[in-house]
Amino acid sequence: MTTFDTIHSEIAARGRTGSSRRERLARLARHLPPSLALSWLILATVLLWAIAPALFTSYNPVEGIGGAQLRRPDALHLLGTDALGRDLYARIVYGAVHSLSGALVAVGLGIIVGTTLGVIAGSVSRRLDDVIMRIVDVLLAIPPLLLSLSIIILLGFGTVNAAIAVGVTSVAGFARLARSEVVRVRRSDYVEAAFGSGATFWAVLWRHTLPNSLTSVIAIAALHFGSAVLQISTLGFLGYGAPPPTPEWGLLIAEGRNYISTAWWLTTAPGVVVVLVVLAANRISQSFGKVTS
Amino acid sequence: MTSSTDPGIPVLEVSDLAISYHHGDRYHPAVHGASFRVEPGEVVALVGESGSGKTTAAQAIIGLLATNGRVDRGAIKLNGTDISRWSDKQFKTIRGARISLVPQDPGSSLNPVKTIGAQVGEILRIHGEARGRDLERRVVALLECVGLSEPELRARQYPHELSGGMRQRVLIAIAIALKPELIIADEPTSALDVTVQKRILDLIDELRTEYGTAVLLVTHDLGVAAERADRLIVLQGGRVQEEGRVSEVLASPRSPYTRQLIADAPSLSRPAARRRAAVRVSALGPTSDDVVIVEQLVQEFPRPGRDEGPLRAVDNVSFRVPRGTTHAIVGESGSGKTTTVRTIVGFQKPTSGRIQIDGTDLSTLGGETLRQFRRKIQLVYQNPYASLDPRQTIFEIIEEPLLNFSPVPRSERRDKVMSILSRVGLQETAAARRPHTLSGGQRQRVAIARALILEPQVVVLDEAVSALDVTVQARILDLLYELQQDLGLTYLFVSHDLAVVRRIADTVSVLRGGRLVDEGPVARVFEQPASDYTRELIKAIPGRRHPAFA
């Protein structure tokens, strides 16, 4: 066998896997369930709102129009206006970036800190494992809202601080999941076989444990994304998040509450958006679970 | 049930049956026009390897095809009535009552949260046969009938309290509860030890003579089929290759595939590879170069939460293996054979005793020295599905051991992997694939390649061929033999299958309950077994009773 043969056969093999991947994508698109397609569509729209809000509305989200207070939804103002004459649709579109970035920071924090703790706990000695997991148990024992409120009071108000507060509440969940996955993978024959062929602890962690245990962590991250949007909105609603006039979704709901008898759309519309995003994230995370299992 | 005694009509008549599975966008045929029949009171064996369509055909007969399966054409006649197009509701009326199934895996076929009695009673209740006191009485009678001791106690126990053999008896009790005309036994003993297997097959035989039930025995083991069946149907790739009386098929097989199967079945063929070994062992004599030395090995495990002493899994086991030979460790589950080899490869410290591999005493090793020692001895696992990382490519799997020791240049690594890949009989294109695209036999070749790439002195094969079909098993054994000839390897071969051991090993140690009960060259142990236990094991090898091969 010459080197040329080897390279040639490798290229051939690569070419084949490439085409099969394209075929797989095409088949996936054809068999995509409608609810999943809708979920992706909702998330994509909200993402576009966050990236380029000016494409979706020409109104200013923070400055009201004189004489146009508390208008009902009509052709001019799709979702009506609030007490200061600001277009509600524009405020929701511009608010996407606050909610999404907050949720991303929260989930990112949860994933990084939680998974690191879980992987350490799952792969080290019994005693350190116990110490870490008991701390995680304590975290789980505190109601999430109470925990995030305490953290915000320590750190101060603001969008980023609210996101950190929400992220800390998901650390425990990620840590537990990551640990259980690592423990499962560590017991498998292929990990033992790797040790048996002389691999060091770090080599096994990098080559086998991490790639095989992180799939479900990623699936759960999508689920947490939805609940993070909800939690950040809750904090905004309670006044612990971004200060007014930021068009953060939770804050929008809180502001609209004062007019709920006369202008119901002010609370309902942002509420519906939050619910849709959360449901979409749930549905997508579910589909991840199916693919991996 | 009236027509079952009519001599003219077979219990089961399958004609031109074709079944396909929906996968992706198309239907993939699994059975192509198979025809066979089962007469009343007859045992017919459906023999074939995985993928031959034997299980698919059996599932279609009892109406339990997977949801993506479909009967394309043909008829399945039960006592003259075509049931191939029946609905699930119609099948419910005959399942258990007129046809019943003994499933393959007794571990997962019973409901873990219900008592044995409730599960046996369920079938009587569903078909409205009995209730209340009468039900309890009949359940106990059934359990007694299948040879379970203390049937009243067993009825109150849960599946996890019973051994594998006992669970299989419970499943048989469920299958015979309503005295069906046909029992489909789908690999009923492949998950069991040989001695247990023999008792279960004896039980099925007895029940058949007692009730006159016909049995369709689905198996990959020609030895079992030869010993227990009246007629054989050999399936390959969804087609019937051969059909006939067992003695005729075995004595003069017409299809080349059947001939192949007979040649590959370890229990039916004569031990051929053994000749060279006997010569070599005697030539080397007692002063020979022993690469594995195990002396008075004891391995204990603490039993937390109990007052008893520690569990002694291996009790005073000693043996020596000369370089370049194969030593087999034989025993049933729980005999301590796997514990022994795990200690030998250094996965756990022995409680006491001495192990020396190629001049290195294991007790002196630890940390880095232990890691370096792993070059000398490699383990191949039983289950090729679990021992390969599903996310790595075959190339990465085989290359990995090289990365663990002194750096080898990339091009040299590639050459080494490719040459070992072709050495174990795999195509070079396999290197870019992932384990799930390979068959069980191919995966086991990959596992062997991974074990060989470090050029070890000793390869430990822990039930390495037990999970494979006979033909694949024969190919892997051939490969192991070739590699031993070319590379001078020493094998430590752990197995519960005496027929395979007889085929490959030079010397053998028989373990029972952690103790050594018999040892010596294979020929002597087989011809003059020193213990009753060894004799029992040898007697339990299926196929030995058959006149053509006794």
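Name the helices (runs of 4 or more DSSP H) wholly within region A:153-244 that hold at least 1 residues that are modelled with pLDDT of 90 or more, over 27 Å from B:Ser406 (Cβ atoms) and within 14 Å of chain B (Cβ to nearest Cβ)?
A:159-186
With respect to A:Arg22, determine if the residue is in contact (Cβ under 8 Å) with a residue 60 or more places away in the chain, more than 20 Å from A:Ala280 (Cβ to Cβ) and not acidic (Asp, Glu).
On the way: in contact (Cβ under 8 Å) with a residue 60 or more places away in the chain: no; more than 20 Å from A:Ala280 (Cβ to Cβ): yes; not acidic (Asp, Glu): yes.
Against the criterion (in contact (Cβ under 8 Å) with a residue 60 or more places away in the chain, more than 20 Å from A:Ala280 (Cβ to Cβ) and not acidic (Asp, Glu)), A:Arg22 does not qualify.
For region B:409-420, what are the residues that are more than 9 Å from chain A (Cβ to nearest Cβ) and either without any contact (Cβ under 8 Å) to a residue 24 or more places away in the chain or within 26 Å of the chain's Cα centre (by Cα) (or both)? Don't jump to the end; show me each part of the working.
First, pick out the residues of region B:409-420 that are more than 9 Å from chain A (Cβ to nearest Cβ): B:409-410, B:412-413, B:416-417, B:420.
Correct list: B:Pro409, B:Arg410, B:Glu412, B:Arg413.
What single numbered condition from (1) out of contact with any Asp or Glu (no Cβ under 7 Å at 6 or more places or on another chain); (2) crowded, with 23+ Cβ neighbours inside 10 Å fails to hold for B:Val522?
Of the numbered conditions (1) out of contact with any Asp or Glu (no Cβ under 7 Å at 6 or more places or on another chain); (2) crowded, with 23+ Cβ neighbours inside 10 Å, the odd one out for B:Val522 is (1).
If you scan region B:380-405, which residues turn out to be in contact with an Asp or Glu (Cβ under 6 Å, 6 or more places away or on another chain) and in contact (Cβ under 8 Å) with a residue 40 or more places away in the chain?
Result: B:Tyr381, B:Gln382, B:Ser387.
Would you confirm whether or not region A:248-255 contains a residue that is assigned to a helix (DSSP H, G or I), of a type in the set (Phe, Trp, Tyr), touching a residue at least 40 places away in the same chain (Cβ under 8 Å) and over 30 Å from B:Ile398 (Cα atoms)?
Taking every residue of region A:248-255 in turn, at least one turns out to be assigned to a helix (DSSP H, G or I), of a type in the set (Phe, Trp, Tyr), touching a residue at least 40 places away in the same chain (Cβ under 8 Å) and over 30 Å from B:Ile398 (Cα atoms).
Of all the residues that make up region B:355-379, how many are at the interface with chain A (Cβ under 9 Å from one of its Cβ atoms) and part of a strand (DSSP E or B)?
Number of matching residues: 3.
Suppose we keep only residues that are assigned to a helix (DSSP H, G or I) and surrounded by fewer than 15 Cβ atoms within 10 Å (Cβ to Cβ) within region B:127-140. Which one would you say is modelled with the lowest pLDDT?
Top of the filtered list is B:Gly132.
Evaluate the following for B:Leu487: is it touching a strand residue (DSSP E or B) at 6+ places or on another chain (Cβ under 8 Å) and within 24 Å of A:Ala193 (Cβ to Cβ)?
Here the answer is no, as B:Leu487 does not meet what is asked.
Working carefully through the options A:Leu79, A:Leu100, A:Leu84, A:Leu70, find the one that is in a loop (DSSP other than H, G, I, E, B) and within 27 Å of the chain's Cα centre (by Cα).
Details: A:Leu100 fails: in a loop (DSSP other than H, G, I, E, B); A:Leu84 fails: within 27 Å of the chain's Cα centre (by Cα); A:Leu70 fails: within 27 Å of the chain's Cα centre (by Cα).
Residue meeting the stated conditions: A:Leu79.
Which residue out of B:Glu396, B:Glu412 is assigned by TED's automatic domain parsing to the domain that holds B:Ala449 and either more than 14 Å from B:Leu454 (Cα to Cα) or in a loop (DSSP other than H, G, I, E, B) (or both)? Reasoning before the result, please.
Values: B:Glu412 fails: either more than 14 Å from B:Leu454 (Cα to Cα) or in a loop (DSSP other than H, G, I, E, B) (or both).
Answer to the selection: B:Glu396.
Which condition from (1) more than 14 Å from chain A (Cβ to nearest Cβ); (2) modelled with pLDDT of 85 or more; (3) under 27 Å from the mean Cα position of the chain (by Cα) is the one that B:Val345 breaks?
(1)
Out of region B:425-451, which residues are more than 9 Å from every other protein chain (Cβ to nearest Cβ), assigned to a helix (DSSP H, G or I) and basic (Lys, Arg)?
B:Arg443, B:Arg445
Could you grab me the full set of residues in region B:452-462 that are touching a helix residue (DSSP H, G or I) at 6+ places or on another chain (Cβ under 8 Å), in contact (Cβ under 8 Å) with a residue 60 or more places away in the chain and not in a strand (DSSP E or B)?
Selection gives B:Leu452, B:Leu454, B:Glu455.
Among B:Lys179, B:Lys198, B:Lys92, which is the only one that is among the basic types (Lys, Arg) and in a loop (DSSP other than H, G, I, E, B)?
Checking each option against the conditions leaves just B:Lys179.
Find the strands (runs of 3 or more DSSP E) located wholly in region B:4-79 whose residues include 2 or more that are within 14 Å of chain A (Cβ to nearest Cβ) and in contact (Cβ under 8 Å) with a residue 12 or more places away in the chain, and list them.
Details: elements: B:12-23, B:26-38, B:43-47, B:69-78.
Strands (runs of 3 or more DSSP E) meeting the threshold: B:12-23.
Which condition from (1) modelled with pLDDT of 85 or more; (2) surrounded by 15 or more Cβ atoms within 10 Å (Cβ to Cβ) is the one that B:Ser35 breaks?
Answer for B:Ser35: the failing condition is (2).
So how many residues does region B:216-256 have that are surrounded by fewer than 19 Cβ atoms within 10 Å (Cβ to Cβ) and in a helix (DSSP H, G or I)?
Count: 4.
Results for (1) over 21 Å from the mean Cα position of the chain (by Cα); (2) surrounded by 20 or more Cβ atoms within 10 Å (Cβ to Cβ); (3) of a type outside the set (D, E, K, R), shown as yes or no for each residue.
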position	(1), (2), (3)
B:Val43	yes, yes, yes
B:Thr67	yes, no, yes
B:Lys77	yes, no, no
B:Ser100	yes, yes, yes
B:Thr115	yes, no, yes
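When the residues of region B:380-405 are filtered to those that are facing chain A (nearest Cβ under 7 Å) and of a type in the set (Phe, Trp, Tyr), which remaining residue is surrounded by the most Cβ atoms within 10 Å (Cβ to Cβ)?
Of everything passing the filter in region B:380-405, B:Tyr381 is surrounded by the most Cβ atoms within 10 Å (Cβ to Cβ).
The values are calculated or read from the model by the stated rules, or taken from the named source; none is laboratory data. The structure presented is a predicted model; accordingly, all values stated were derived computationally and were not measured. Here the Cβ is made from the backbone with ideal geometry for all residues, glycine too, and neighbour counts use every protein chain on show.
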